[in-house]
């Protein structure tokens, strides 16, 4: 292998595929990036066996070849090189990196030992708008469970049925659903790990804006995201996702409409006192024109008032303030609607002007 | 106490004095900020007994008074309030904070328990240019020792003698000296802890640029920095500073002139391999037109070449790369001069175009 490429192209490609490289692993080969040079292209691959990322860059090729090279050290070196041409040449298992007056020699590993990315055929495929997918993930990813004891909840459900894509996240205390209408002949239902969704969202955010669409392919074991010339493959989570639709109440006793930012600011301020207290909760007292938000701790207390429009019964209900503020942060609409039944029933939060996003949160029992 | 002030003024004042508040202390009163309201002024004070910071803001005063309030919680609350008028009122030891529709009540502590800042009279005083002082500290602070076993070296020597101000830092392996000519009648010699210099430098960096001068006052125990309406008081380190002047060699066998940025980039790249190796060192081979910088580790090797102008003998000498790169980073001049005697003698680094800054670094013995 002997190639010449641009330092900037190589550095940015390493930054992308490095996200799939294990930092702690018992398999040293997984700490490396696979470099494969052929047909005027250098393909870089990182793979931690849960997620794999592949990126291609244009190069001048003198001799094709491949090697696995330490991801961390290779990345640090390429980033520090001047913005100029970089020559990579392989002799036995020694990779020589030359750029202007710098020369590094690094010991590589056998490319045949590197685990291949799973092949994902177009059994199910979907092309959709990058920005739309990005916003759908942002509105649901924060509600994914961190609890490794219930692995199926450490990812989001992606379900495409009758031209409606639903993305759903659940932890023990709350549930976020985002829906969008998509033109497609496919139908699928799969649970994608949080890490893959997070990495794909970062790749979309920094991707070429001229290209508005990207592609999702899947089998029953794996999902493949193709964003421009970057491929992200992830294993799917196995098992049955929770039947979430039946968790939504159908009738409400109290309905509130309120300015999103005002409610968010008040909840965030009240949370400062809540986290000093025993149960970490805030209390919402919902009255005809006003929500009063209060919290008490040994060191002090807080009282916040927010004007509202209200229909139905007055009630007092307690919440973990983070579960409220995280939902309010991802709602773009100026106004939100809150729906309540009793002080021990889940509350619904949704934008006032559309039905795309629905959030359910379980209250905290308050001492009297 | 009952006062009205602007949220922004109060928030920025808290940010400043908080730097002197203990986060871990056995004296709960030191976790607080002292608030003192009198004569249309609110004075805020933080004091961890090593360093104290005081800042005054203009307020509307309804009733004077004082209280000590939790620095962390008070800071978090004020930062989150809307940019509007804030009312602070004290009833017994309860401080009520009102702003628009928010109301917090916090339990305060007795202001008489708060340790007074030491009084620093104008025994020795010096007014000097803020920017000059800022750059002098930046060029020396990184060479202050972290070793608490030699407390005198955990600060910088500030010596004013015959209109020359010298700032000197030493750890076991290197020494940085910055000198400047200052118009002053004072003479002093004192050792100021790193933390005080660091905080003063941050305050200067964000201070009013229309006011170019600031003031230093000192006694034999304390130093007071007055930057605009902010006062920083620090205790001085006790003991005799190392007689550093005699550490500088007077004759050299090898003198090199080199582009500062080129040498810095090469040393930083070589350090990537050095830190993989056993002794963490880089080797400089100084020849007639070139320095070759090399380092070897099990995983690989590096070779960097930098063009130089050289007088005297060739030599090979080893260094901790961080000790070289930290000095090069604070030299503004385009070219630097390196002076060597032998491979076991200290090396001098200084700007090629002035004598204001001199840096001495001890080499690392290299295995053959």
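Over segment A:102-157, what lengths in whole Å, largest first, do the semi-axes of the equivalent ellipsoid take, defined as the square roots of 5 times the eigenvalues of the alpha-carbon gyration tensor? Provide the component values of the computation, followed by the final result.
Working: eigenvalues 232, 77, 61 Å².
One finds semi-axes of 34, 20, 17 Å for segment A:102-157.
Taking Cα centroids, how far is segment A:256-313 from segment B:81-123 in Å?
So the separation of the two Cα centres works out to 24 Å.
Rounded to the nearest 500 deg cm²/dmol, what is the calculated helix-only ellipticity per residue at 222 nm for chain A, with -39500 (n - 2.57) per DSSP H run of length n ≥ 4? Mind showing how you got there, number by number?
On the way: 6 runs with 66 residues, N = 368.
Calculated mean residue ellipticity at 222 nm is -5500 deg cm²/dmol.
Provide a whole-number value for the mean count of partner chain Cβ atoms within 10 Å of the Cβ atoms in peptide B:99-109.
Details: counts 1, 5, 11, 9, 6, 10, 7, 7, 5, 2, 0.
Taking all residues of B:99-109 together, the mean is 6.
Counting other beta carbons within 10 Å of each residue's own, what order do A:123, B:76 fall into, fewest first? Can you show the working numbers first?
Working: A:123 11, B:76 17.
The fewest-first ordering by Cβ neighbours comes to A:123, B:76.
What are the nm distances, shortest first, from residue A:94 to its equivalents in the other copies, labels at 7 Å along Cα→Cβ?
Sorted ascending, the copy-to-copy spacings read 7.8 nm.
Please give the direction-averaged projected area of the C-alpha convex hull for segment B:2-113, in square nanometres with one decimal. All intermediate terms of the calculation are to be shown ahead of the outcome.
On the way: hull surface 24.9 nm².
So the mean shadow area of the Cα hull is 6.2 nm².
Within 10 Å of each Cβ in A:291-297, how many Cβ atoms from other chains are there, averaged over the peptide? Could the numbers behind the result be given before it?
Values: counts 0, 1, 2, 1, 1, 1, 3.
Going residue by residue through A:291-297 and averaging, the value is 1.
Bins of 5 Å, beginning at zero and ending with the bin holding the largest distance: percent of Cα pairs per bin for segment B:181-305, please.
2, 8, 12, 10, 10, 10, 10, 13, 13, 8, 3, 0
Any idea what the residue B:311 label distances to the other copies are, label 7 Å down the Cα→Cβ vector, nm, shortest first?
9.1
Compute the projected area of the convex hull of the Cα atoms of chain A, averaged over all viewing directions, and report it in nm² to one decimal place.
Numbers: hull surface 89.0 nm².
Averaged projected area of chain A's Cα convex hull equals 22.3 nm².
Going by C-beta contacts inside 10 Å, put B:266, B:119 in order with the fewest on the left.
The fewest-first ordering by Cβ neighbours comes to B:119, B:266.
Any idea how far apart residue A:313 and residue A:352 come out in nm if each label point goes 7 Å out from Cα toward Cβ?
Modelled inter-label distance: 2.5 nm.
Need one number: convex hull volume per residue for segment A:320-368, Cα atoms only, in Å³.
Working: hull volume 3.8 nm³, N = 49.
Given the Cα convex hull of segment A:320-368, per-residue volume reads 78 Å³.
Roughly what would the spin-label model give for residue A:187 and residue B:162, points 7 Å off Cα along C-beta, in nm?
The answer from the label model is 9.4 nm.
Quick one: helix B:194-205 against the long Cα principal axis of chain B, what's the angle to the nearest 10°, folded into 0 to 90?
70 degrees
Run the quick spin-label model on residue B:85 and residue B:245: label points 7 Å from Cα toward the beta carbon, then report their separation in nm to one decimal.
Label at residue B:85, label at residue B:245, 6.1 nm between them.
Place a point 7 Å from the Cα of residue A:113 along the Cα-to-Cβ direction; which residues of segment A:64-84 have their backbone N under 11 Å from it?
Flagged as within label range: A:68-69.
Over the whole of B:267-276, what's the average partner chain Cβ count within 10 Å per residue? Rounded to a whole number, please.
Details: counts 0, 2, 9, 3, 2, 8, 6, 0, 2, 4.
Per residue, the number of nearby Cβ atoms from other chains is 4 on average.
Pop the C-beta distance of residue B:332 and residue B:27 into the FRET formula with R0 = 30 Å and round what comes out to the nearest 0.05. Intermediate results must be reported in sequence, preceding the final value.
Working: r = 43 Å, r/R0 = 1.44.
It comes out at approximately 0.10.
Helix B:260-274 versus the longest principal axis of chain B: what angle, 0 to 90°, nearest 10, using Cα atoms?
It is inclined by approximately 90 degrees.
Copy-to-copy spacing for residue A:287, label 7 Å out on the Cα-to-C-beta vector, in nm, shortest first?
Computed spacing set for this position: 8.6 nm.
To the nearest 10 degrees, how steep is helix B:7-17 against the longest Cα principal axis of chain B, on a 0 to 90 scale?
For helix B:7-17, the angle is close to 50 degrees.
Using only the alpha-carbon atoms of segment B:124-245, report the extent along each of the three principal axes, biggest first, to the nearest angstrom.
Projected onto the principal axes, the Cα atoms of segment B:124-245 cover 40, 29, 24 Å.
Viscosity 0.890 mPa s, temperature 25 °C: give me the Stokes-Einstein translational D for the protein assembly as shown in µm²/s, with Rh taken as the Kirkwood radius over C-alpha pairs. Write out the running numbers ahead of the final one.
Numbers: Rh = 30.9 Å.
It diffuses with D of about 79 µm²/s by this estimate.
So for A:219, A:342, B:250, fewest C-beta neighbours within 10 Å to most, what's the order?
Details: A:219 17, A:342 12, B:250 6.
Lowest count first: B:250, A:342, A:219.
What's the long-distance tail for segment B:249-361, i.e. % of Cα pairs beyond 20 Å?
Working: 2214 of 6328 pairs.
Above the 20 Å cut-off, segment B:249-361 has 35 percent of its Cα pairs.
Within 10 Å, count the other beta carbons around each residue, average over each peptide in B:351-363, A:45-57, and list them highest first.
Numbers: B:351-363: 17.8, A:45-57: 21.4.
Taking the mean over residues of other Cβ atoms within 10 Å, the ranking is A:45-57, B:351-363.
Please find the FRET efficiency linking residue A:4 to residue B:2, where r is the Cβ-Cβ separation and R0 is fixed at 60 Å, and quote it to the nearest 0.05.
0.25
Read the figures in this text as sums done on the coordinates, not as results from a lab. Just so you know, these numbers come straight off a predicted model, no measurement behind them. In this analysis, Cβ positions are derived from the backbone assuming ideal geometry, glycine residues included, and neighbour counts consider all displayed protein chains.
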